Amino acid sequence: METVSTAKSHGGVQGVYRHASAATGTDMTFSVFVPEHAAGERLPVLWYLSGLTCTHANVTDKGEFRAACAEHRVIFVAPDTSPRGDGVPDEDRWDFAQSAGFYVDATEAPWSANYRMWSYVTEELPALVASAFPVDMARQGITGHSMGGHGALTVGLTHPDRFRSVSAFAPIVAPTQVPWGRALDRYLGDDVAAKRRHDAVALIEDGARVRELLVDQGEADNFLVEQLRPELLARACADAGIALELRMQQGYDHSYLFVSTFMADHVAWHAARLG
Ligand SMILES: N[C@@H](CCC(=O)N[C@@H](CS)C(=O)NCC(=O)O)C(=O)O
């Protein structure tokens with residue numbers, strides 16, 4: 001693992017790191033904020049999965065998580081959203097391929113060679129982070145924004161024993177029912193069961209359970225009606241007995257100006273559950 005940059009912030013260290021990923025076959029860059037802590041101490045970790053068009057840098061620059069993470073002593077990890085680079089298949093659009101990995105292991109050519117973001121965020125990066133940073137892997141939470149909210153919900157619902165807390169900002173809750181989710185058709189082909197495993201609403205319908213979820217959603221979000229559809233998550237959670245706190249935030253859009261407004265709430269909410 002190569003250190004790209006480090007800087008002191010809020011008493012801790014904000015770093016950016018790069019490594020050769022076996023999962024994606026590419027170099028991958030991610031950021032980690034480690035609050036001030038005693039030598040040998042291990043802190044809980046909050047994973048943040050980003051949305052379409054993002055790298056690790058969007059939330060690192062604009063997410064405003066560091067003051068809350070320093071206060072609650074939570075490590076914050078932000079992976080990239082896809083493999084990238086000259087040799088990686090891509091298309092000239094912003095909602096598919098590079099910057100739009102949808103947190104799945106693609107099975108369809110040509111995507112299957114590199115687009116293995118599920119393995120990357122659930123296996124390879126956690127192992128690397130556990131070995132290189134003072135994280136307590138028994139105390140993990142996960143959150144994310146938009147496509148990354150989809151990732152956080154599906155990863156959290158699939159691994160309820162690993163994540164004590166799951167939240168999201170303006171998540172895609174049912175990709176198999178909305179236009180952005182056509183990416184799953186391209187990555188996973190005709191495998192209906194695989195697509196249901198990467199759809200939070202379908203996962204809940206099929207029996208996946210967590211005790212509770214926190215979701216913030218801007219009411220002025222341009223993508224609300226066509227792509228995000230939080231009412232589908234609300235109905236699935238109600239039917240399944242999952243305590244969903246869905247906070248519709250009046251006047252807020254889809255941007256990091258929305259995410260950053262509620263970031264401290266999410267960090268505190270996770271910290272309360274991570275101990
Ligand atoms: N490029 C799209 C917007 C894509 C978008 O809103 N991406 C969100 C996540 S889905 C984001 O976080 N963008 C990066 C940023 O705001 O820094 C458009 O023109 O409508």
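The values are calculated or read from the model by the stated rules, or taken from the named source; none is laboratory data. Quantities reported herein were computed from a predicted structural model and do not represent experimental measurements. Ideal geometry is used to build each Cβ from the backbone, glycine not excepted, and the neighbour counts take in all protein chains shown. Calculation scope for accessible area: heavy atoms of the full protein, side chains included, ligands and nucleic acids excluded. Shrake-Rupley method; radii C 1.70, N 1.55, O 1.52, S 1.80 Å.
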key: In the stretch 51-79, residue farthest from Gly25 (Cα to Cα) [restricted to those that are more than 13 Å from the ligand (Cβ to nearest atom) and in a loop (DSSP other than H, G, I, E, B)]   = Arg73
request  = From (1) more than 16 Å from the ligand (Cβ to nearest atom); (2) open to solvent by less than 40 Å² (accessible area, probe 1.4 Å); (3) within 22 Å of Trp269 (Cα to Cα), pick out the condition that doesn't hold for Met28.
outcome  = (3)
message = Can you tell me which residue is nearest to the ligand (Cβ to nearest atom) among those in the stretch 234-275 that are farther than 25 Å from Gly181 by Cα and assigned to a loop (DSSP other than H, G, I, E, B)?
response = Gly251
ask   = What helices (runs of 4 or more DSSP H), lying completely within the stretch 137-233, carry at least 1 residues that are closer than 19 Å to Ile75 by Cα and within 16 Å of the ligand (Cβ to nearest atom)?
value = 147-158
key: Qualifying positions in the stretch 149-178 - closer than 23 Å to Ser112 by Cβ and touching a residue at least 40 places away in the same chain (Cβ under 8 Å)   = His150, Gly151, Thr154, Val155, Thr158, Ile172, Pro175
query = Yes or no: Val155 of a type outside the set (Ser, Thr, Tyr) and under 15 Å from Gly51 (Cα atoms)?
reply = yes
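Would you mind finding the one in Arg66, Arg116 that is under 24 Å from Ser9 (Cα atoms), of a type outside the set (Val, Ile, Thr) and within 20 Å of the chain's Cα centre (by Cα)?
So the residue among Arg66, Arg116 that is under 24 Å from Ser9 (Cα atoms), of a type outside the set (Val, Ile, Thr) and within 20 Å of the chain's Cα centre (by Cα) is Arg66.
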message = So, Pro89, is that one open to solvent by 10 Å² or more (accessible area, probe 1.4 Å), farther than 21 Å from Ala174 by Cβ and in a loop (DSSP other than H, G, I, E, B) or not?
response = yes
ask   = What are the residue pairs meeting all of these: first residue in the stretch 29-56, first residue farther than 19 Å from Phe169 by Cβ, second residue of a type in the set (S, T, N, Q) and assigned to a loop (DSSP other than H, G, I, E, B), Cβ atoms under 9 Å, and 6 or more apart or on different chains?
value = Thr29/Thr55
query = For the stretch 171-194, which residues satisfy the criterion of being touching a Phe, Trp or Tyr at 6+ places or on another chain (Cβ under 9 Å) and either at positive phi or open to solvent by 20 Å² or more (accessible area, probe 1.4 Å) (or both)?
reply = Arg182, Arg186
request  = Can you tell me which residue within the stretch 84-127, out of those that are touching a residue at least 24 places away in the same chain (Cβ under 8 Å) and on the phi > 0 side of the Ramachandran plot, is nearest to the ligand (Cβ to nearest atom)?
outcome  = Ser99
inquiry  = What's the number of the only condition in (1) within 15 Å of the chain's Cα centre (by Cα); (2) open to solvent by 10 Å² or more (accessible area, probe 1.4 Å) that Ala168 fails to meet?
reply    = (2)
